[in-house]
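None of the figures in this text is laboratory data; all of them are computed from the coordinates on show. Only a predicted model underlies this, so the values are computations on that prediction, with no experimental measurement involved. We place every Cβ from the backbone using ideal geometry, glycine too, and count neighbours over all the protein chains shown.
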């Protein structure tokens, strides 16, 4: 359908009664039309929780990255970070929808995103850290996307066909994200003494949260045995090698850090978070909770 | 022998193939490789199969609505749109016609030879610290001397470039 001007395209009433606003007035289930049967022998409850874990990682980081809009140093990077956030939001939507469909308790992606409390979120703590400066953004994105790319790469062989398909798509996207972060790490590390210092400080802030990425929750281990999930623990050498390559090229050394503590062994995957997640959720969920009938 | 049903499928397919991408209106869903299949179910409904380009692409819901509307207007009131996620969409599925139309509209088509190996069965995805090596000529003046200004653009599928000959900026449809 073509329109003479953008205003007409936005305001023209549709035959099905919908008024067009950007891409419609309500989002439809991103898995609409996808065969979502759960293969026999796969633990439904476990699969739903695992989808939440990977989905929450993407959702929370997507929200953090969106905070860069209007705040980045130049337009190109603002657009880049918004695009990366959009890719992650897309992955989160499919994973939360999968979690809701598998759980079969009448929930959907929106109820999971907007009506769960902090303790019900299963994301790793790395993604909830405050935005910080661009040095931290680059260090955090490099760490996250290197880890996620390794996980998604293995997940393309998952016994759950929907997870495998979401992963196959995600691999292509996260490859771009990792390359973006890696090139910026080189540019900052190999730039001025000042830019190198900011990048170094960024790594010092995020590296304490790396150990958690490779410490699987019992559920991840169990589902990995069923070949549904990926146990991240054996992926650590691959992760270290990528960071080593980037840092060598950037002429920067990773700082020595002490991993942050856990609550008697429990961390993000168990719903134990830093103080920052509550504030992030308050902002992200306020509209949906304040006006449950709101549509966007 | 051509049956009535064959004709119906062919007509439905022809109609579905005219639906354009909301973000890239010069391309039809068929040009883009998003439209995978059009068939007629036993109950008479048209079954359309599409695949999304990027996970977060907000245009997919719009594409489904447009397909239903266009087919309804052409006399097919019952339409089921299926989404397949696997195999994941690749820019190499954009047809020759689609590539030509992109170029005519100032968007450089993807150079799929610059695609990285996405591992999977073959191991980890290699890290690329250098900008991708793409063969790109300015779609306006044909000058081979171009530079990348950003790997991300106004939509998930495009990067930004500029021509060092005519100095005009242009978009590049990313290989994926």
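So for A:45, A:212, fewest C-beta neighbours within 10 Å to most, what's the order?
A:45, A:212
Spin-label model, residue A:226 to residue B:105: label points 7 Å out along the Cα-to-beta-carbon direction sit 4.5 nm apart. Per residue of chain B, the DSSP helices (runs of n ≥ 4 H) give a summed -39500 (n - 2.57) that works out to -7000 deg cm²/dmol at 222 nm.
Between residue B:95 and residue A:157, the distance separating the two model label sites (each 7 Å from Cα on the Cα→Cβ line) works out to 3.7 nm.
Modelled spin labels at residue A:293 and residue B:116, positioned 7 Å past Cα toward Cβ, are 4.9 nm from each other.
The length gained by stretching the chain between residue A:283 and residue A:45 to full extension, at 0.36 nm per residue less their Cα-Cα distance, is 82.8 nm. Taking the number of Cβ atoms within 10 Å of each Cβ as an exposure proxy, the fewest-first ranking of A:169, B:158, B:101 is B:101, B:158, A:169. Overall shape of segment B:4-83 was characterised from the C-alpha gyration tensor. The equivalent ellipsoid obtained from it has semi-axes of 21, 12, 11 Å, in decreasing order. Per-residue mean of foreign Cβ neighbours for B:134-145 is 0 (Cβ atoms of other chains, 10 Å radius). The order of A:227, B:23, going from fewest to most other C-beta atoms within 10 Å of their C-beta, is A:227, B:23.
In this structure, residue B:168 and residue A:236 have a Cβ-Cβ separation that, at R0 = 35 Å, corresponds to a calculated FRET efficiency of about 0.15. With respect to chain B, whose longest principal axis is taken over its alpha-carbon atoms, helix B:59-73 is tilted by about 40°. When the Cα convex hull of the protein assembly as shown is projected onto planes of every orientation, the mean area is 24.9 nm². A helix-only calculation puts chain A at -19000 deg cm²/dmol for mean residue ellipticity at 222 nm, using -39500 (n - 2.57) for each DSSP H run of at least four residues, averaged over all residues. Give, as ranges by residue number, the residues of segment A:52-89 whose backbone N falls under 18 Å from the point 7 Å along Cα→Cβ of residue B:128. It comes to A:80, A:84, nothing else.
Taking R0 as 41 Å, what's the FRET efficiency between residue A:105 and residue B:141 from their Cβ-Cβ distance, rounded to 0.05? List each step's numbers first, then the result.
Numbers: r = 59 Å, r/R0 = 1.44.
FRET efficiency, residue A:105 to residue B:141: 0.10.
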